[in-house]
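Asks: Submitted below is the structure of interest, expressed as structure tokens.
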Amino acid sequence: MRNLFSIFMLFVCGSLIAQNKSELDFQLGEKITFKVNYGWFTLGEASMSLGDSLHTKNGNSYYESYIEAKTVGPISWIAGIENSYWGYVNTENFQTLISEKHLDERDGKIDQWNSFDFENLITNVKIVDHQKGGKMKVDTVKLQKNTYDLHGTYMYLRKNLWSDYDVGDSLLLNAYWGTKLYDFGMEYGGTAKVKYDGKKYLTHKFYGLFPISTTFPKEKAVSVYVLEKDGVGIPLLIEADMRIGKVKCELKSYTINGRDAL
């Protein structure tokens, strides 16, 4: 279950400042909510949202990003998950300044704080694992120039995964997850129609590129269907062929300041 939410999550600092929304890639107050289904069963929900104001630090402006994932229904009794993520993401290059991660799962609780320094290509990390005595561990992780954390990966992909690709073209980046770096990519598979809220939308289909594992036992196990709107992508559907069978992450709602925006 943890691996499932980790993959789906890859898919979804100072004084306040004012900025014209038309100058931003993402609208302030945006919220995208997904439901995760296995067959007829709903396993959980995940949401990604932006605050309604920007923040500034050292002359740079930042989105305030929130990501939440939780199990719902009977599955919560077996493998309960209620995780939250928060961060400040640069509006120009989508690299994160600071972030927090709070995991509350059946097998334990973990709190983590990250401070990113892309000039020196390091992350200063503080972690508290409540199942291991609750003592704070301080660590340093080396970064690459194209490293993005959970928040940055989500926004970078949404900005780039939609059009101007030929079938077989790929987009590669380096993802920071936990305290490790992973090479990650998406390959363009052409267009496909996806049904949402009773309507059919023409989407761009992408395949996730990562090694075969016990969780994902074949190549191109994850397919992402992205709707292009106002210069960014909105994932309508994510399908994953997993060891346990096919799991779907479907768009539940897309709103701007609480109003439907699709």
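The values are calculated or read from the model by the stated rules, or taken from the named source; none is laboratory data. Computed from a predicted structure; not experimentally measured. With ideal geometry, Cβ positions are generated from the backbone for all residues, glycine too; neighbour counts draw on all protein chains shown.
Here's the yes/no breakdown for (1) in contact with a Phe, Trp or Tyr (Cβ under 7 Å, 6 or more places away or on another chain); (2) crowded, with 19+ Cβ neighbours inside 10 Å:
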position	(1), (2)
Met155	yes, yes
Tyr165	yes, no
Asp169	yes, no
Tyr182	no, no
Gly189	yes, no
Gly198	no, no
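Asks: Determine which single condition Ile234 fails, assuming it passes every other condition in (1) more than 19 Å from Val167 (Cβ to Cβ); (2) surrounded by fewer than 16 Cβ atoms within 10 Å (Cβ to Cβ); (3) not polar (S, T, N, Q).
Replies: Only one criterion is unmet by Ile234, namely (2).
Asks: Then there's this: Surrounded by 17 or more Cβ atoms within 10 Å (Cβ to Cβ) and of a type outside the set (Asp, Glu): which single residue out of Lys205, Lys246 fits that description?
Replies: Going through Lys205, Lys246 in turn, the sole match is Lys205.
Asks: Looking only at the range 151-167, decide whether some residue is of a type in the set (Gly, Ala, Ser), part of a loop (DSSP other than H, G, I, E, B) and farther than 28 Å from Tyr254 by Cα.
Replies: no
Asks: Of all residues in the range 203-233, which are under 23 Å from Gly39 (Cα atoms) and outside any loop (DSSP other than H, G, I, E, B)?
Replies: Within the range 203-233, Thr203, Lys205, Phe206, Tyr207, Gly208, Val222, Ser223, Val224, Tyr225, Val226 meet the criteria.
Asks: Moving on to the next point. Can you name every residue in the range 46-70 that is out of contact with any Leu (no Cβ under 6 Å at 6 or more places or on another chain), small (Gly, Ala, Ser) and not in a strand (DSSP E or B)?
Replies: Gly51, Gly59
Asks: Cβ-Cβ under 9 Å, sequence separation 6+ or interchain: first residue in the range 236-251 and at positive phi, partner surrounded by fewer than 16 Cβ atoms within 10 Å (Cβ to Cβ) and not in a strand (DSSP E or B). Which pairs?
Replies: Cβ pairs passing all conditions: Gly245/Gly39.
Asks: Could we say that His102 is modelled with pLDDT of 95 or more, surrounded by 15 or more Cβ atoms within 10 Å (Cβ to Cβ) and touching a Gly at 6+ places or on another chain (Cβ under 8 Å) here?
Replies: When the stated conditions are applied, His102 does not pass them.
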